[in-house]
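Chemist: Quick one: this structure, given as structure tokens, is what I'll be asking you about.
Readers should treat all values here as calculations from the given coordinates under stated rules, not as data from a laboratory. Source: prediction; values computed, not measured. Here the Cβ is made from the backbone with ideal geometry for all residues, glycine too, and neighbour counts use every protein chain on show.
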Amino acid sequence: MMTVLITGASSGIGAGLAKSWADNGYHVIACGRDPARLEALHQYSPNITISLFDMTDRDACRQALQDCNPNLVILCAGTCEYLDNGVVDAALVERVMTTNFLGPVNCLAALQSQLVSGSRVVLVSSMAHWLHFPRAEAYGASKAALTWFANSLRLDWEPKGIAVTVVSPGFVDTPLTRKNDFAMPGQVSVDNAVKAIRRGLDKGKNHIAFPAGFSLIMGLLARLPAFIQHAVLRRMVRS
């Protein structure tokens, strides 16, 4: 039986993916920090086992993830905090970078010896780093770092037969995005996000971006000359 290991499975995309693969008969290892939500996943399907740990703790990762032997790894735990009025908050930046970047790195370090030819690792990034949005200094930087790391790692792992996929969602209706106090164009449901990710993985894609229309617009904006991007994004700065 194929084993799928998912971090951030307590809610949002992670929980949706866990249920989707469990429904298809796969063994799912659902990882997270919320015991009640993880237990609810376990009750949802006998195909789901749970692992409670904090992935920002390197030793906890190493202990929790030993002997998992997954065929597919989905690292999608994440957080988002914004800087307001250009005030640099070092503690805030550290929290976001630790969760969104170092957390997945801790998991990869713990799992790498268990991955074999034919395994695939999926890292959930974001379109947010495609443009330099105001207030998104910490979040955008964390997702840019994760994407850079994943794309470099793909080159080093290809000779081993281990595939690396980066997922770049737009806005997905999750508990995290519901905290946003601004318009979120092109927002999609968790179910649609799950379908987009699974469809892309079935095709063996190295990069999955969705929704398609919003991805196209963001990609076009990212290709504009820097001075035009600056003029557009400057309008988003809060006075």
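Chemist: For a Förster distance of 25 Å, can you work out the FRET efficiency between the beta-carbons of ARG234 and ALA183, rounded to the nearest 0.05?
Modeler: E between ARG234 and ALA183, to the nearest 0.05, is 0.90.
Chemist: Sequence gap at least 6, Cα distance under 8 Å: using those rules, report the relative contact order of segment 1-132 to the nearest whole percent.
Modeler: Relative contact order here is 25 percent.
Chemist: While we're looking at this one, here's another question. Suppose R0 equals 41 Å; then what is the FRET efficiency for ALA36 and LYS195 from their Cβ-Cβ distance, rounded to the nearest 0.05?
Modeler: Given R0 = 41 Å and the Cβ-Cβ separation, E is 0.95.
Chemist: Ok, one more. Under unit Cβ charges (Lys, Arg +1; Asp, Glu -1), what dipole magnitude, rounded to 20 debye, does segment 3-234 have relative to its Cα centre?
Modeler: My answer is approximately 640 debye.
Chemist: Let me ask you something else. I'd like the distance separating the alpha-carbon centroids of segment 213-232 and segment 132-167, in whole Å.
Modeler: For segment 213-232 versus segment 132-167, the Cα centre distance is 20 Å.
Chemist: Can you tally the net charge around ALA64? Count Lys and Arg as +1, Asp and Glu as -1, for every other residue whose Cβ sits under 15 Å from the Cβ of ALA64.
Modeler: -2
Chemist: Taking the simple approach of a point 7 Å from Cα along Cα-to-Cβ for both LYS203 and LEU92, what is their distance in nm?
Modeler: Here the modelled spin labels are 3.7 nm apart.
Chemist: Could I ask something else about it? Normalising by the residue count of the chain, find the relative contact order in percent from Cα pairs under 8 Å and 6+ residues apart.
Modeler: In percent, rounded to a whole number, it is 17.
Chemist: Specify which labelled value, from (i) 17.7, 55; (ii) 18.4, 58; (iii) 26.0, 89, agrees with Rg and Dmax of the Cα atoms in Å derived from the coordinates of the model shown.
Modeler: So the structure-derived entry is (i).
Chemist: Here's a follow-up. To test your reading of the geometry: what angle, between 0 and 90 degrees and rounded to tens, separates the Cα axis of helix 212-222 from the longest principal axis of the chain?
Modeler: Result, in degrees: 50.
Chemist: Putting +1 on Lys and Arg Cβ atoms and -1 on Asp and Glu Cβ atoms, find which of VAL93, SER152, CYS76 reaches farthest to the positive end of the dipole of segment 3-234.
Modeler: The residue sitting farthest along the positive end of the dipole is SER152.
Chemist: A further question on this structure: With axes computed from alpha carbons, what is the tilt in degrees of helix 137-157 against the longest principal axis of the chain, rounded to the nearest 10 within 0 to 90?
Modeler: 50 degrees
Chemist: Got a sec? How would LEU115, LEU75, LEU224 order by Cβ neighbour count within 10 Å, fewest to most?
Modeler: LEU224, LEU115, LEU75
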